[in-house]
């Protein structure tokens, strides 16, 4: 133990060598001067004292040498010898080396690639010039119960607070703030929903990312009542405005506000939290875009995230100290107010500020690829073991000649690490090349995410690859080399490579095989769950007819509409649309099927003795909704016009809901009690039952779903859905005309219902692609390794097999013998894998994935296990048969 | 460990410096290098010619073994100095070393006083 400790301390010391030498030098100097002054106190002159002290200290060179010797690691010299020997051994078996490096490259490359993406995307700094000078400032305000924006773990800053910090903070050369995402509807020919952020006027200047075109904001733009202006995002400028430079000084209408385009942001501009943006507007535009909640002038609203730039040489601590002083002054203006300030290097995700969420995302994304690496490790360990067994004669010889076990283990470890590092290098090259492709796939699968345009390998990723390689090498090499050096030396020296395999290594080999099978089972089950989801997403009957349905949405609240006004427009729109040729029916709905938003409520049957609530989805619909959407009523009736008012007390449920709440009874006329936070309990009468449908996620009908008649609480959030066999383009134009005729300022967004399904199907394809690639990769690596190991075993046991065949055993008897060794670990591994997959699926079952992933099912499990058993047996059977084709007589004579 | 170089020439018996340092720290608590050297010479009452520089490689060695630990501090004369303390493993080791020394002395004594 002490030896290990000393060795570890020495390795650390070797790394810190220069610092320790300097430290000891300083100690000796201090010692000398203490000696000198103590001698001078005893009456010596300085010169005498200096001389005496030098004598007392002894031979300085010898001391230096002793220190250096203490700091050197004795093992270091022989590492070089180990390395040279490892290279020589690997050159002698190039086939093994190539295969090992290839497998390692896959495992390490995969992890490096995913790590690179995660590291730069999630944890990386803001991609702007001199981004290491950018810091994110956040705060927690206590003692202000009325402050809006409470409940967030980290609160944002009010306009006033931002201005105070900006004016007073001298440690920063610049400070800007940005709001959450403001959705706004663009009116006119280009009508569409846009996402943007309101930013303070120094945004582009502090980021040092000047506009591509036009000018950036100036201080006056951020004053109350300023002339409304905005900058377009590069992508929107290209897609919607055809990259027309003439867009400058044009006026566009967002919600009701008219804003002048003064510039176009550069393509690589910082978009906080990776959310893709369409526009940037100054903070003064807040009351224009949302007249109902003016965050700009309300001093009690925290709504700005702050990012500052500091000069080189200013520390984060200095900035935090200054901000705390300013915060204390702000606190004095209000009784009880107490602010805590946090300053940290700004990252692309600073706005979310939730480290644990990021960590969770990271670990979810890294887990499958780390599992593949685990298979690679187990596989490599198996191969190393196999190879080490062939070399057991050499090893036994070295040990009997006096090499310590540790020395031999170190030699084998060096070989493993050399292979792993070579594989890691190759893998990293592959990874850096594949990262661009991965980012492209991610960007196209998740259109709302803004990813940096280029991801070049950085030092972090390289360090990660290197550390991972060395760890993998040690992990792969340790077990086999320990096991092989523990095996009985006499047997080794005398028999192998021709004789049987020592029991010790046989057991380790079985464990390694079982481990690979278990991990494969987990990955393949996951993949098959996704595949099943995808198949359902493509082919399922959703329970409603999504073709030929358009959804028209108006954000009434942004335009300052109240329920009455919204209702009259909705009535007008519906009546006019029904006059159009080709239109069959129209209705209002709160959230259309497979929308990405929805709401839940607690429900229970009114008759229950013990009230047990369940979560149900709820939606508000108008009477015609079910005929528009093509979901027939199974029993009862739909709502009446007269019931479209608050507290009408009626509800419609789905078949499945009825079956679950009132098993074996007629649901019509039953009482349904609902509970929703502020609304309290309500008792409703069920008047209708509709067919089940997949309304929230594709792949599974919702278990509990309750429809309520539309009322004033949701009036301003309703969409109009229209069934029509007229073309989408023509109908959208007509709808726009109708809305224009009612109120020229309004913007309406029209899109086919099919778009919701396409979006979910895209998501499903991406997840399935990822899961199946990883599962397939794992299976390929594992079977490749199995193949190699069985081939080797058969070669090893040729003599035994030859004798058996000569004594009359049939080929199938011998095959059964060989397969028995494979079957047991495979069966145990598969069972463990199924158990782990089941446990894991329980963990993730609470997540609303919405892409038809409905947890484990017998088909997925059975299919995965069958596939793996087949592959495992195939990988064993084939080389075994090849090995047995040899004439036993030849084998025996050869001996 | 075969080619360990010999310590710089000294009149301190080979291998006993470690024991002296450990014992000093055990008795005195927290000390800097100068203090340790001073204390050893004081106890030896001039009978020992200690090359005081050799104390530092010894301290480094003991620290690597985990028997002592060190920290920067300020001396009585307001100088920055590194202070050493005994760790709990060091305390145990001291008992072992003391026993070993006693055994060695006993053996040598027996040899010297053995009847011819």
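Values in this text are rule-based calculations from the coordinates and carry no lab data. What you see is a predicted model, and the numbers here were worked out from it, not measured in a lab. Cβ atoms come from the backbone with ideal geometry, glycine included; neighbour counts cover every protein chain shown.
Numbers at a glance
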read-out: Whole-Å semi-axes of the ellipsoid equivalent to the stretch A:669-755 (Cα gyration tensor, √5λ, descending); value: 33, 20, 12
read-out: Translational D in µm²/s for the stretch A:578-708 (Stokes-Einstein at 20 °C, 1.002 mPa s, Kirkwood Rh from C-alpha pairs); value: 141 µm²/s
read-out: Overall form of the stretch A:273-355 per C-alpha gyration tensor (a/c, 1.5; a/b vs b/c); value: oblate
read-out: Convex hull of the stretch A:168-292 built on C-alpha atoms - directionally averaged projected area, nm²; value: 7.8 nm²
read-out: Inter-chain shielding of A:19-28 (mean C-beta neighbours from other protein chains, 10 Å cut-off); value: 4
read-out: C-alpha long axis of helix A:2-15 to longest principal axis of chain A, angle in °; value: 70 degrees
read-out: Chain B shape via C-alpha gyration tensor axes, a/c threshold 1.5; value: prolate
read-out: Crossing angle, helix A:858-884 versus chain A [Cα axis fit, 0-90 degrees, rounded to tens]; value: 30 degrees
read-out: MRE, 222 nm, helices only [DSSP H, n ≥ 4, -39500 (n - 2.57), over chain A, to nearest 500]; value: -18000 deg cm²/dmol
read-out: Partner chain coverage, peptide A:50-58 - average Cβ within 10 angstrom; value: 3
read-out: 21 Å tail of the calculated P(r), the stretch A:78-228, as % of Cα pairs; value: 69 percent
read-out: Test item: B:59-72 mean partner chain Cβ contacts at 10 Å; value: 4
read-out: Förster radius 25 Å - calculated FRET efficiency between residue A:336 and residue A:168, Cβ distance, rounded to 0.05; value: 0.65
read-out: Full-stretch length increase - residue A:579, residue A:507 - with 0.36 nm per residue and alpha-carbon distance subtracted; value: 18.0 nm
read-out: FRET E, pair residue A:68, residue A:397, Förster distance 41 Å, beta-carbon r, rounded to 0.05; value: 0.65
read-out: Pair residue B:45, residue A:787: separation of 7 Å Cα→Cβ label points (nm); value: 8.5 nm
read-out: Nearest-ten-degree value, helix A:316-332 long axis tilted from longest Cα axis of chain A; value: 30 degrees
read-out: Value of Rg to Rh for the stretch A:642-696 (Rh from inverse mean 1/r over Cα pairs, i.e. Kirkwood); value: 0.99
read-out: Spherically averaged projected area in nm², based on the convex hull that wraps the Cα atoms of the stretch A:222-279; value: 4.6 nm²
read-out: Label-point gap, in nm, between residue A:292 and residue A:820 - each point 7 angstrom along Cα→Cβ; value: 7.6 nm
read-out: Sites residue A:87 and residue A:9, calculated FRET efficiency, Cβ-Cβ separation with R0 30 Å, nearest 0.05; value: 0.50
read-out: Helix-only CD estimate at 222 nm, as mean residue ellipticity for chain B, using -39500 (n - 2.57) per DSSP H run (n ≥ 4); value: -17500 deg cm²/dmol
read-out: Separation of alpha-carbon centers, the stretch A:615-681 and the stretch A:273-338, rounded to whole Å; value: 46 Å
read-out: Relative contact order (%) - chain A, alpha-carbon pairs under 8 angstrom, separation at least six; value: 14 percent
read-out: The stretch A:689-822: relative contact order in percent, alpha carbon pairs under 8 Å with at least 6 residues between; value: 9 percent
read-out: Per-selection Rg to Rh, the stretch A:269-317 - Cα, Kirkwood hydrodynamic radius; value: 1.08
read-out: Distant alpha-carbon pairs in chain A (separation over 41 angstrom), percent; value: 57 percent
read-out: Additional length obtainable on full extension of the chain from residue A:42 to residue A:248, 0.36 nm per residue less Cα span; value: 65.3 nm
read-out: Between the stretch B:21-100 and the stretch A:33-54, the alpha-carbon center distance in angstrom; value: 22 Å
read-out: Extension gain from residue A:366 to residue A:703, taking 0.36 nm per residue of separation minus the Cα-Cα distance; value: 118.1 nm
read-out: Mean shadow area of the stretch A:549-610 over all directions, Cα convex hull, nm²; value: 7.3 nm²
read-out: Residue B:99 paired with residue B:74, simple spin-label distance in nm, labels 7 Å along Cα-to-beta-carbon; value: 4.3 nm
read-out: Order by protection proxy (mean Cβ within 10 Å, highest first), peptides A:771-777, A:610-616; value: A:771-777, A:610-616
